[in-house]
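Some notes on the structure that comes next.
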Amino acid sequence: MQRILVTGGAGFIGSNFVHHLVEHTDRHVTVLDALTYAGNRASLADLPADRVRFVEGDITDAALVDTLFSEADAVVHYAAESHNDNSLDNPRPFLDTNIIGTYTLLEAARRHGTRFHHISTDEVYGDLELDDPARFTESTPYNPSSPYSSTKAGSDLLVRAWVRSFGVQATISNCSNNYGPYQHVEKFIPRQITNVVRDIRPKLYGKGENVRDWIHADDHSSAVLTILDKGEIGETYLIGADGEKNNKDVVELILELMGQPRDAYDHVTDRAGHDLRYAIDSTKLRTELGWTPSYGDFEAGLAATIQWYRDHESWWAPAKDGVEAFYASKGQ
Ligand code: NAD
Ligand code: DAU
């Protein structure tokens with residue numbers, strides 16, 4: 001599997017994966033990305049041209065997809081509309097990209113017999129109670145809450161059906177919340193870091209009790225590479241690094257690490273249908289494929305992420321004002 005096609009490789013996690021492939025393997029990468037508001041060529045700017053090729057295009061473009069599959073040994077599918085708040089505002093692009101786009105890729109994988117890895121989210125399982133000792137496993141029933149997570153659940157089910165009905169050589173992974181460099185400022189952690197840089201008070205939805213299970217994007221990349229190389233066709237693997245934290249604790253830690261009072265934030269209107277808690281049990285991935293995360297210390301990873309946003313203001317500044325205007329229009 002020397003030639004890897006990465007869809008959505010100009011987005012947050014996709015670009016981290018391309019960096020990971022260049023750093024840790026000798027494989028050649030083609031990125032297919034439509035450069036929506038969430039895609040950024042600058043996220044791939046420092047990579048060697050003889051290892052990474054960029055193709056601007058849409059995963060719903062069947063002819064383009066067919067050509068790129070004919071040139072690839074394996075495909076890792078990150079491209080998606082990824083933000084819950086946007087899906088509450090305008091669900092349609094989520095159906096187009098997450099459902100029709102995944103269908104278009106699966107049809108190409110079927111024609112070409114290409115190894116296919118589908119990137120998904122723990123949100124397909126719905127949410128857990130705060131005091132529930134349970135965590136999500138591969139056998140937790142699907143119960144998505146938002147337009148975003150329901151389209152991701154639909155795309156997972158398409159992959160499973162194409163494996164069973166057509167013998168497509170696919171695996172699926174469902175990961176928890178990622179943090180790290182190159183994440184769009186619409187998302188929770190970069191929004192609060194860049195707010196502090198701009199002297200805007202961080203914004204916490206509701207009481208801030210909601211729990212997310214944080215993993216560094218580079219650990220997500222190493223897990224995906226492990227599944228691509230060693231995963232069993234037709235199987236699903238949950239990816240997580242035991243990083244449960246509530247949103248209030250994360251905001252307070254960001255403020256402390258950035259030299260501000262820990263209470264210098266605002267509570268704002270809660271997200272509609274806001275999932276309470278996500279938590280991943282990644283035992284299967286660890287025991288069957290031998291994967292372990294490298295970024296065990298969340299505070300250290302967060303401090304490095306804060307430094308990255310301080311050092312890369314030109315990367316995020318063009319998006320910041322538009323994002324804040326969008327949230328302000330919703331009281332968030
Ligand atoms: P992102 O929004 O940062 O990036 C998405 C990328 O896909 C962008 O570069 C965008 O231009 C591209 N794209 C969108 N529509 C496209 C289309 N029709 N054709 C081609 N390219 C298109 O998203 P992200 O946070 O990096 O998430 C990547 C994947 O990982 C998604 O499938 C998401 O569901 C999944 N995931 C994300 C997280 C997380 O914490 N961010 C956690 C688990 C799983
Ligand atoms: O669990 C995996 C999912 O994680 C991925 O599938 C999604 O693509 C990714 O966006 C992320 O979804 P969340 O909705 O959990 O992430 P977000 O960064 O939008 O929000 C994280 C938490 O922070 C959530 O409880 C909402 C809250 N929040 C968010 C923003 C933007 C705030 O309190 N304030 C904010 O300003």
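For segment 84-157, what does the alpha-carbon gyration tensor say about shape, rounded, prolate or oblate, given a ≥ b ≥ c as the root eigenvalues, a/c under 1.5 as rounded, and a/b over b/c as prolate? It comes out oblate by the Cα gyration axes. Expressed per residue, the C-alpha convex hull volume of segment 274-328 stands at 162 Å³.
Could you tell me whether the chain comes out rounded, prolate or oblate from its Cα gyration tensor? Rule is a ≥ b ≥ c as square roots of the eigenvalues, rounded for a/c under 1.5, then prolate if a/b exceeds b/c, otherwise oblate. Since a/c reaches 1.5 and a/b is larger than b/c, the shape of the chain is classed as prolate.
Sparse packing (at most 10 other Cβ atoms within 10 Å of the Cβ) combined with a DSSP loop state is found for the following GluC sites (Glu not before Pro) in segment 82-184: Glu129. In this rough spin-label picture, where each label sits 7 Å from Cα along the Cβ direction, the Gln260-Glu313 distance is 1.5 nm. For Thr60, Thr97, the ranking by accessible surface with the largest value first comes to Thr60, Thr97, using a 1.4 Å probe. Applying both filters, DSSP loop and at most 14 other Cβ atoms within 10 Å, to the chymotrypsin sites (Phe, Trp or Tyr not before Pro) of segment 1-98 gives Tyr37. Comparing Gly101, Gln2, Pro133 along the charge dipole axis of segment 1-148, the residue lying farthest to the positive side is Gln2, per the Cβ-charge model. For the chain, carbon and sulfur atoms together expose 48% of the accessible surface, with a 1.4 angstrom probe and every protein chain in place. Taking Cα centre as origin and charging only the Cβ of basic (Lys, Arg, +1) and acidic (Asp, Glu, -1) residues, the dipole magnitude of segment 1-154 rounds to 580 debye. How would segment 1-122 be classified by its alpha-carbon gyration tensor: rounded, prolate or oblate, with rounded meaning a/c under 1.5 and the a/b versus b/c comparison settling the rest? It comes out oblate by the Cα gyration axes.
Solvent-accessible surface of segment 225-281, averaged per residue with a 1.4 angstrom probe and all protein chains in place: 42 square angstrom.
Charge dipole (Cα centre; +1 on Lys/Arg Cβ, -1 on Asp/Glu Cβ; no other charges) of the chain amounts to roughly 460 debye. Dividing the helix sum by the residues of the chain, where each DSSP H run of 4 or more adds -39500 (n - 2.57), gives a mean residue ellipticity at 222 nm of -12500 deg cm²/dmol.
The values are calculated or read from the model by the stated rules, or taken from the named source; none is laboratory data. Note that the coordinates shown come from a computational prediction; the quantities given were computed from them, not determined experimentally. Note that we place each Cβ from the backbone using ideal geometry, even for glycine, and neighbour counts take in every protein chain shown. These area figures cover heavy atoms from the full protein model, side chains too; ligands, DNA and RNA do not enter into them. Shrake-Rupley method; radii C 1.70, N 1.55, O 1.52, S 1.80 Å.
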